[in-house]
Amino acid sequence: MIRHRLGLEEFQAPLEKAPEGARLKLLDGEVCEMAPMGSEHTGLVTHLAKRLEL
């Protein structure tokens, strides 16, 4: 397996080119745009976040 460490500039470059509010993820070394969260997903995330608060 060949590994390549990214510098800060290399990591941030795709983020700066993305549209405002875009949700991005790093998948197999590629920056991909994620679909928006649906209402059920949003509700579950909110519920979990509240349960995890100290």
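None of the figures in this text is laboratory data; all of them are computed from the coordinates on show. Computed from a prediction, not measured in an experiment: that's the story for all the values here. Don't worry about glycine lacking a Cβ; one is built from the backbone with ideal geometry, like all the others, and counts go over all protein chains shown.
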Any chance you could count how many residues in the stretch 27-51 are surrounded by 10 or more Cβ atoms within 10 Å (Cβ to Cβ), part of a helix (DSSP H, G or I) and not hydrophobic (A, V, I, L, M, F, W, C)? 5
Select from the stretch 7-26 the residues that are of a type in the set (A, V, I, L, M) and assigned to a helix (DSSP H, G or I) and write down the one among them that is surrounded by the fewest Cβ atoms within 10 Å (Cβ to Cβ). LEU8
Unmet requirement for ILE2, which otherwise passes all of (1) free of Cβ contacts under 8 Å to residues at least 12 places away in the same chain; (2) touching a Pro at 6+ places or on another chain (Cβ under 6 Å): (2)
